[in-house]
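Following: one structure in structure tokens, then a few remarks.
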Amino acid sequence: MVKRTDAGNRAMSITQLENKNFNVMEFEGDWHNALGNPELTGTWLIYGPPKHGKTRFTLQLAKYLTRFAKVAYDSLEEGVSETIKRAVIDTNFEPKEKKKIIILHKETVEQLLIRLRRKKSPKIVFIDSLQYTGMNYMDYIRFKDEFPGKLFIFISHSDGKLPAGQVARRVQFDANIYIRVAAFKAYATGRYGGGQVYTIWEEGALKY
């Protein structure tokens, strides 16, 4: 269930703020334990080393988010490939979920802007990866601020336990939720509660 947002002015009274409704996604189960009840707006960041379950986790999250809105997954780095196909098959999307997600083949930021400016464009957008967008921090701010009613989820390379590069680290501080993936587990830090560890793949996690 998604609670719709009321439009309002930038300045408001305490009473107006208390009565304002936001686009809150009511998560359940493991997703609620990890992420709480997040808003359907803003920015999230997912980062981690290769072969630790980052793509698997991202697609599991995309699958779950189809409950709340249409989803786009921009495979900017890898494109539509055999490995992405296998990851999608492993995620086991149900027919109703398949209707609510689209996979984009290396769609640039400029091309993505054109898509998102259209009516009925996806409200949730995964961008894989932040490094491949070529954006600096101000580009990122302008990009997300143009679409206040959308949720952007950036995937990032990592440098140890931190996102790789200055831009990604600044996005981490700005993000509503950031999630570090390691050894097939996801460790989320956010503004909506949650905080419990999410196991992406039990067998893979046990091997580590």
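Number of residues in region 148-164 that are open to solvent by 20 Å² or more (accessible area, probe 1.4 Å) and either closer than 20 Å to LYS51 by Cβ or without any contact (Cβ under 8 Å) to a residue 60 or more places away in the chain (or both): the value is 7.
Of the residues making up region 24-57, those that are over 12 Å from the mean Cα position of the chain (by Cα), in a loop (DSSP other than H, G, I, E, B) and surrounded by 18 or more Cβ atoms within 10 Å (Cβ to Cβ) are PHE27, GLY36, GLY48, HIS52, GLY53.
Give region 165-202 a look and list any residue that's closer than 22 Å to TYR132 by Cα, open to solvent by less than 50 Å² (accessible area, probe 1.4 Å) and in a strand (DSSP E or B), or say none. Before the answer, list the steps.
Step one: list which residues in region 165-202 are closer than 22 Å to TYR132 by Cα, which gives 165-182.
From what is left, the residues that are open to solvent by less than 50 Å² (accessible area, probe 1.4 Å) are 165, 167-168, 171-172, 174-177, 179, 181-182.
Listed by number, the residues that qualify are ILE177, ILE179, VAL181, ALA182.
Among all positions in region 84-103, there is at least one residue which is in contact with a helix residue (DSSP H, G or I) (Cβ under 6 Å, 6 or more places away or on another chain) and among the small types (Gly, Ala, Ser). The requirement of being under 22 Å from PRO38 (Cα atoms), among the hydroxyl-bearing types (Ser, Thr, Tyr) and under 14 Å from the mean Cα position of the chain (by Cα) is fulfilled nowhere in region 74-90; no residue meets it.
Just one of (1) surrounded by 11 or more Cβ atoms within 10 Å (Cβ to Cβ); (2) free of Cβ contacts under 8 Å to residues at least 40 places away in the same chain; (3) in a helix (DSSP H, G or I) fails for GLN60. It is (2).
Pairs needed: first member in region 7-20, outside any loop (DSSP other than H, G, I, E, B) and at pLDDT 75 or above; second member anywhere, of a type outside the set (Gly, Ala, Ser) and open to solvent by less than 100 Å² (accessible area, probe 1.4 Å); C-beta distance under 7 Å; at least 6 residues apart or different chains. Within 7 Å, no pair qualifies. Tallying residues that are under 12 Å from the mean Cα position of the chain (by Cα) and open to solvent by 10 Å² or more (accessible area, probe 1.4 Å) within region 126-142 yields 1.
Applying the condition of being closer than 23 Å to GLN131 by Cα and of a type in the set (S, T, N, Q) to region 66-108 and asking which residue is most open to solvent (accessible area, probe 1.4 Å) yields THR83.
Look at region 39-56: where a residue is more than 16 Å from ALA188 (Cα to Cα) and a partner is modelled with pLDDT under 95 and part of a strand (DSSP E or B), sitting 6+ places away or on another chain with Cβ atoms under 7 Å, you get LEU40/VAL2.
Residue check: LYS96 meets all listed conditions (1) under 28 Å from GLY36 (Cβ atoms); (2) assigned to a loop (DSSP other than H, G, I, E, B) but one, namely (2). Taken over region 141-164, the residue count meeting the criterion of being closer than 16 Å to ARG115 by Cβ and assigned to a helix (DSSP H, G or I) is 2.
The values are calculated or read from the model by the stated rules, or taken from the named source; none is laboratory data. All figures in this text were calculated on a predicted structure; none of them were measured in a lab. Every residue, glycine as well, gets a Cβ built from its backbone with ideal geometry; the counts of neighbours run over all protein chains shown. Accessible surface areas use protein heavy atoms only, side chains included; no ligands, DNA or RNA. Shrake-Rupley method; radii C 1.70, N 1.55, O 1.52, S 1.80 Å.
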